[in-house]
Structure formats: structure tokens, C-alpha cells
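Visitor: Quick one: the structure is below, questions incoming.
The values are calculated or read from the model by the stated rules, or taken from the named source; none is laboratory data. All values reported here derive from a predicted model rather than from experimental measurement. The protein model used for the area step is the full one, side chains on, heavy atoms only, and it has no ligands, DNA or RNA in it. Shrake-Rupley method; radii C 1.70, N 1.55, O 1.52, S 1.80 Å.
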Amino acid sequence: MPWLFPPAPTPSLPISDSDARFPVRRILCVGQNYAAHAREMGHDRAEPFFFTKPADAVVTDGADPVYPTVTQNLHHEVELVCAVGPEGVIGWAVGCDLTRRDLQAEAKKAGRPWDASKGFDQSAPCAAIRPGALPDPAAPIELRVNGEVRQTGRLDDMIWSPDEILAKARELWDVQAGDLIFTGTPEGVGPLVPGDVVEATIGGLPSLRFTVAAR
Ligand code: MN
């Protein structure tokens, strides 16, 4: 049977040292997984939880995300991203969970969903996936804006380890090949404006670099 109209292209991420692409099925994200970030968001006893972004929120291959509509307070959140293949985790990447913080604050206050604050278009810039093992837990996770360090931490500052997050995700969903899991952000989240140059690094993973484009 023919399609009524052509299906949207499959969103994908590059893989370092490979021509193959990682087809993105969906994006799960963990909230408040670093103690100091949970505190800065007003939560003393952090209990990680999940929210989602659509697969086509990924921004890859050096593309620049456009400053989103409606918000006056777009925030950066650097995160370790877990890439799930057919037989479990196949690699790791540096991602940025872009957040409309003002809309998130309104949603929290009203007890409403986070979709508009977290799952908007181009909200998930992501670098190439490095296949293989988890980076050294002592590895630094860092984000700079225009050369200035804004977020810095270590992977072992996580409240829940990537293994624990994956196990929890598997309780809630049938996690499948193509799923990405953003594992939370360390403290130091803050605003971005059009023209800002963002560089994010985690250990020896391929780094993420983008400029916030004006609308
Ligand atoms: Mn986040």
C-alpha cells in the first residue's frame, strides 16, 4: 500500500570512525541525577525520574540548533548519552538537553507535563557516538559557553549509574535498539542566547560543539 505522503526521514547520529549511522528510535532522559544539580533546582533528596524527547529533536553533524520560540530562558544541560543497540549498550556520546527553563518552571508550578519545556524541536544536540565501554567514571563532564566553563563535574557524581538508569528504564519501557538515554546533568545549568558558542566534553568522547542560531 502506498504512503499517503512520504514518511519523515529517520533521525540518526554519526558513529566515530565509521560510515554507519545510528538510527534514533526514541530519546529517554533522566532528571536530577547529580546531587548538586538537584539541589540547585530545589530538590534536597533527589529521586531520578524520566521524561522524553522526540527522536527528531536530535541536532547532529555540527548543525546549529535554532533558539526556540516562546521561551525567554533557554538553558544548557550537558549530559552523557547512552546509545542502545540490538544487544544492549553499544556506545556513548556527549549530548545537551536544551530546556525552556521558564516553561518548565510554569509546568512544575501547575503540575503539568514537561513536553513543551523539554521535548521541543532541536532540543537534543548530540555529538558522534563512540562505540565501546563507558568512559572512565572519574572522567570530567564539562560545558563551556564562549570559552567560559559553566558546568563541570565527574561522571561518578551521578546518583544513579548508567547501568542502574538502564535497568530502571527497562522496567518502564521495552528499551530497544535505537534508543538514546540522556543520563542527567551536573550543576551549573544556565541561560544561552543566540550567538553563544557551546562546547561540551566528557572524557575522551567526541566533543559536542554548536552555536545557538538566531531564529
Ligand atoms: Mn537534563
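Visitor: Can you give me the C-alpha center-to-center distance between the stretch 44-100 and the stretch 108-180, rounded to a whole angstrom?
Guide: Each part reduced to its Cα centre gives a spacing of 6 Å.
Visitor: Once a ≥ b ≥ c are taken as the square roots of the eigenvalues of the Cα gyration tensor of the stretch 12-211, is the result rounded (a/c under 1.5), prolate (a/b larger than b/c) or oblate (a/b not larger than b/c)?
Guide: Because its axes are fairly even, with a/c under 1.5, the stretch 12-211 counts as rounded.
Visitor: Also: Can you give me the accessible area per residue for the stretch 1-71, using a 1.4 Å probe, in Å²?
Guide: Computed with neighbouring chains in place, this is 60 Å² per residue.
Visitor: Moving on. Contour minus end-to-end for R112 and D196, with contour as 0.36 nm per residue of separation and end-to-end as the Cα-Cα distance?
Guide: Full-extension gain reported as 27.2 nm.
Visitor: From Cα pairs below 8 angstrom and at least 6 apart in sequence, can you work out the relative contact order of the chain, rounded to a whole percent?
Guide: Answer for the chain is 30 percent.
Visitor: Can you give the extra length, in nm with one decimal, that the chain gains between D174 and L134 once fully stretched, where that is 0.36 nm per residue apart less the Cα-Cα distance?
Guide: Taking D174 through L134 to full extension adds about 12.2 nm, to one decimal.
Visitor: Using only helices, what value at 222 nm comes out for the chain when you add -39,500 (n - 2.57) per DSSP H run of length 4 or more and divide by the total residues, to the nearest 500 deg cm²/dmol?
Guide: -4000 deg cm²/dmol
Visitor: Here's a follow-up. On the protein heavy atoms, probe 1.4 angstrom, tell me the percent of accessible surface of the chain carried by carbon and sulfur.
Guide: Percent of accessible area from carbon and sulfur atoms in the chain: 53.
Visitor: Follow-up question, since we're still on this one. First check a/c for the stretch 24-137, with a ≥ b ≥ c the square roots of the eigenvalues of its C-alpha gyration tensor; if it is under 1.5, answer rounded, and if not, answer prolate when a/b is larger than b/c or oblate otherwise.
Guide: Note, shape of the stretch 24-137 comes out oblate.
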